[in-house]
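Notes for the one structure printed next.
The values are calculated or read from the model by the stated rules, or taken from the named source; none is laboratory data. Note that the structure is predicted; figures quoted are calculated from it, not measured. Here the Cβ positions follow ideal geometry from the backbone for every residue, glycine too, while neighbour counts run over all protein chains shown. Remember, those area values only see protein heavy atoms, side chains included, never the ligands or the DNA or RNA. Shrake-Rupley method; radii C 1.70, N 1.55, O 1.52, S 1.80 Å.
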Amino acid sequence: MSTATPKASATLADQPLSPLDGRYRGAVAGLSDYLSEAGLNRARVEVEVEWIITLTDRSLFGSAPLTAAQQEQLRALYRDFGQTEIDWLASTESVTRHDVKAVEYLVRDRLASLGLDAVAELTHFACTSEDINSASYALTVRRAVENVWLPKLRAVIEALSALAREHRDAAMLSRTHGQPATPSTMGKELAVFAWRLERVATQIEGGEYLAKFSGATGTWSAHLAAAPDIDWPELSRTFIEGLGIGFNPLTTQIESHDWQVELYDRVRHAGGILHNLATDIWTYIAMGFFAQIPVAGATGSSTMPHKINPIRFENAEANLEIAAGLFTTLASTLVTSRMQRDLTDSTTQRNIGVAFGHSLLALDNLQRGLKEISLSRDVLLADLDANWEVLAEAIQTVVRAEIVAGRSQITDPYALLKELTRGRRVGGPALAEFVRGLDIGDEAKERLLALTPAGYIGLADALVDRV
């Protein structure tokens with residue numbers, strides 16, 4: 001046995017630690033424009049700049065309103081925010097050890113370069129870091145949700161709805177508790193998921209994105225000390241709403257984050273529905289209800305050449321579980337702040353993009369996966385034909401109606417059908433023979449004799465119209 005010490009491997013060049021920034025980068029890149037550190041800093045610059053413009057527009061403290069050209073030059077600082085600003089902030093923060101202070105210094109530096117030193121002291125005026133951060137998070141999260149995440153969720157809903165319409169009449173044997181049950185259609189079952197997701201999507205679309213702008217402990221104390229005659233709460237509300245977000249007037253040092261808790265709980269809820277969808281589609285594939293469409297050049301197994309693995313749905317399932325864990329942590333942590341302020345929220349919020357990243361990756365896989373499956377109607381019909389006993393529900397219900405109508409003397413129709421079918425397979429001919437011997441009216445008997453498992457789908461087809 002060799003006792004030689006293995007040579008150490010060469011140190012790798014900088015590598016992404018998260019798969020979201022590595023192998024899955026392409027699927028989630030849209031979020032980084034908003035929920036990355038750079039995206040957050042750009043929004044911080046936007047809030048700082050717009051506050052200066054708001055104050056100067058009102059000629060506060062003897063300042064003169066900026067000209068339209070000067071305002072555009074100042075707004076270019078966040079509109080053209082790029083690598084130069086990212087590097088500048090990183091270098092400055094290495095000294096300040098404070099990210100928002102670095103942003104303040106960046107704005108001051110650019111004011112000087114634009115010859116606007118006279119209003120430099122209005123940068124970050126009467127603000128606490130959370131005034132800037134709460135507005136910046138509201139802006140970035142709203143934009144990420146509305147521009148990236150929600151469109152992908154809606155794409156999945158539309159894909160589901162299209163499949164529901166396509167397969168609205170595709171009768172299938174239901175499985176309740178995993179056992180054969182009253183038939184439905186594949187279209188109706190997919191429509192259920194589309195309906196559930198649409199409801200939560202609507203709730204998310206109607207959600208609030210709130211910010212505070214009331215100073216160190218939410219009292220506007222410094223504002224009043226500087227200018228006691230100004231209605232600072234109203235000015236703050238006008239400013240925040242002018243950014244396109246909602247205003248929270250009653251806070252501690254921090255905005256209470258309840259809107260974030262609501263949002264993350266709703267996104268997690270949507271993820272739970274999507275997880276249910278992923279596991280159901282996976283099961284339908286395993287049962288042969290869906291066949292997977294081969295992708296040219298793809299490998300299903302490293303050793304079994306025949307396999308086409310349902311990786312899209314498995315990937316979605318796993319990423320939804322990761323996202324759910326992160327959203328649960330975000331919601332449970334952000335709902336609490338010790339006394340007037342602690343920093344647990346600051347660290348937690350830095351993972352908002354990670355949570356949405358895993359959720360978005362799952363949505364991307366589901367959208368792709370739904371395009372890579374084909375319904376095997378012959379398998380559905382064969383499954384139905386092997387389970388005629390599911391018509392027992394229809395038979396005993398019709399018998400009950402006949403008893404009420406005075407056309408039958410049967411005393412316990414449920415027990416009668418239970419004795420015939422429970423735990424036993426009953427084929428079509430045997431069931432027809434049983435029906436012919438029932439003490440019911442001729443019209444009811446003919447309806448039951450015409451019934452098949454594939455035809456026993458109720459309003460399943462029509463219900464698809466609801467999505």
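Of all residues in the stretch 146-178 being of a type in the set (S, T, N, Q) and open to solvent by 60 Å² or more (accessible area, probe 1.4 Å), which is farthest from residue 397 (Cα to Cα)? Quick ask: steps written out before the conclusion?
Going through the stretch 146-178, the residues of a type in the set (S, T, N, Q) turn out to be 147, 161, 174, 176.
Right, trim to open to solvent by 60 Å² or more (accessible area, probe 1.4 Å) and you get 147, 176.
Working: 147: 51, 176: 19 Å.
So the residue we want is 147.
Using beta carbons and a limit of 8 Å, which pairs, at least six apart or on different chains, have the first residue in the stretch 276-292 and touching a residue at least 60 places away in the same chain (Cβ under 8 Å) and farther than 18 Å from residue 318 by Cβ and the second one open to solvent by 30 Å² or more (accessible area, probe 1.4 Å) and among the hydroxyl-bearing types (Ser, Thr, Tyr)?
Sorted first by the residue in the stretch 276-292, then by its partner, the pairs are 290/284; 290/374; 291/374; 292/374.
Which of (1) part of a loop (DSSP other than H, G, I, E, B); (2) free of Cβ contacts under 8 Å to residues at least 12 places away in the same chain; (3) not basic (Lys, Arg) is the odd one out, the single condition residue 207 does not satisfy?
Checking residue 207 against (1) part of a loop (DSSP other than H, G, I, E, B); (2) free of Cβ contacts under 8 Å to residues at least 12 places away in the same chain; (3) not basic (Lys, Arg), the one that fails is (2).
Would you point out which residue out of 355, 323, 362 is modelled with pLDDT of 95 or more and in contact with a Ser or Thr (Cβ under 8 Å, 6 or more places away or on another chain)?
323
Suppose we filter 462, 386 for residues that are open to solvent by 40 Å² or more (accessible area, probe 1.4 Å), of a type outside the set (Asp, Glu) and modelled with pLDDT of 95 or more; which single one remains? Give the derivation first.
Numbers: 386 fails: modelled with pLDDT of 95 or more.
Matching residue, one of 462, 386: 462.
Among the residues of the stretch 392-405, are any open to solvent by 60 Å² or more (accessible area, probe 1.4 Å), touching a strand residue (DSSP E or B) at 6+ places or on another chain (Cβ under 8 Å) and not β-branched (Val, Ile, Thr)?
Yes: one or more hits.
So, residue 435, is that one open to solvent by less than 50 Å² (accessible area, probe 1.4 Å) and in contact with a Leu (Cβ under 8 Å, 6 or more places away or on another chain) or not?
Working: open to solvent by less than 50 Å² (accessible area, probe 1.4 Å): yes; in contact with a Leu (Cβ under 8 Å, 6 or more places away or on another chain): yes.
Against the criterion (open to solvent by less than 50 Å² (accessible area, probe 1.4 Å) and in contact with a Leu (Cβ under 8 Å, 6 or more places away or on another chain)), residue 435 qualifies.
In the stretch 235-260, which residues are over 11 Å from residue 208 (Cα atoms), open to solvent by 20 Å² or more (accessible area, probe 1.4 Å) and either touching a helix residue (DSSP H, G or I) at 6+ places or on another chain (Cβ under 7 Å) or not in a loop (DSSP other than H, G, I, E, B) (or both)?
Passing the criteria: 237, 238, 241, 242, 243, 249, 253.
May I ask you to say which residue of 240, 254, 245 is over 25 Å from residue 359 (Cα atoms), touching a residue at least 60 places away in the same chain (Cβ under 8 Å) and touching a Phe, Trp or Tyr at 6+ places or on another chain (Cβ under 8 Å)?
Of the residues listed, the single one that is over 25 Å from residue 359 (Cα atoms), touching a residue at least 60 places away in the same chain (Cβ under 8 Å) and touching a Phe, Trp or Tyr at 6+ places or on another chain (Cβ under 8 Å) is 240.
Kindly provide the set of residues from the stretch 371-383 that are open to solvent by 10 Å² or more (accessible area, probe 1.4 Å) and touching a residue at least 40 places away in the same chain (Cβ under 8 Å), ordered by number.
371, 372, 373, 374, 375, 376, 377, 379, 381, 383 - these are the residues of the stretch 371-383 that are open to solvent by 10 Å² or more (accessible area, probe 1.4 Å) and touching a residue at least 40 places away in the same chain (Cβ under 8 Å).
Could you tell me whether residue 126 is open to solvent by less than 30 Å² (accessible area, probe 1.4 Å), hydrophobic (A, V, I, L, M, F, W, C) and touching a His at 6+ places or on another chain (Cβ under 7 Å)?
It is true that residue 126 is open to solvent by less than 30 Å² (accessible area, probe 1.4 Å), hydrophobic (A, V, I, L, M, F, W, C) and touching a His at 6+ places or on another chain (Cβ under 7 Å).
Looking only at residues that are more than 26 Å from residue 164 (Cα to Cα) and of a type in the set (Asp, Glu) in the stretch 179-233, which one is most open to solvent (accessible area, probe 1.4 Å)?
Checked the stretch 179-233; the qualifying residue most open to solvent (accessible area, probe 1.4 Å) is 229.
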